Amino acid sequence: MTIAKIIAATALIAAAGSAFAESQYPVDQPFVSTKTRAEVVAEIKQAGGDLGRKNYQETFNPTPVASAKTRAEVVAELSQGGDIARNNYINTTR
């Protein structure tokens with residue numbers, strides 16, 4: 001392909017792109033809701049609540065897990081294991 005054809009094709013693509021960029025998005029009228037806030041909230045509760053908020057809470061604010069072991073017992077278990085990095089951390093921060 002010659003340089004002239006490449007330049008012509010590039011110019012044609014640029015002209016077509018700029019023509020599409022000038023056309024506006026068809027916005028005829030602004031959105032107007034026909035429901036009140038209370039009706040929308042009632043629909044959300046009927047559908048199972050605010051699932052986005054529930055997902056966020058379960059992911060980033062989980063319920064703490066209760067353990068029967070004390071902190072000292074857990075530290076003793078970790079020091080018996082073979083986790084060198086953890087043992088190094090525990091032994092240097094006491």
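Compare 63, 10 by solvent-accessible area with a 1.4 Å probe and give them largest first, with all protein chains kept in place.
Largest to smallest exposure gives the sequence 63, 10.
Using the Karplus equation 6.51 cos²θ - 1.76 cosθ + 1.60 (θ = phi - 60°), what ³J(HN,Hα) coupling, rounded to whole Hz, does each residue of the range 65-79 give in order, writing x for Gly and Pro?
8, 7, 10, 8, 8, 7, 4, 4, 5, 5, 4, 5, 4, 5, 6
Among 29-36, 66-73, how do they line up from the highest to the lowest mean number of other beta-carbon atoms within 10 Å?
66-73, 29-36
The values are calculated or read from the model by the stated rules, or taken from the named source; none is laboratory data. Model, not experiment: these values are computed from the prediction. Cβ coordinates were reconstructed from backbone atoms using ideal geometry, including for glycine residues, and neighbour counts include every protein chain displayed. Ligands, DNA and RNA are excluded from the accessible area calculation, which covers all protein heavy atoms including side chains. Shrake-Rupley method; radii C 1.70, N 1.55, O 1.52, S 1.80 Å.
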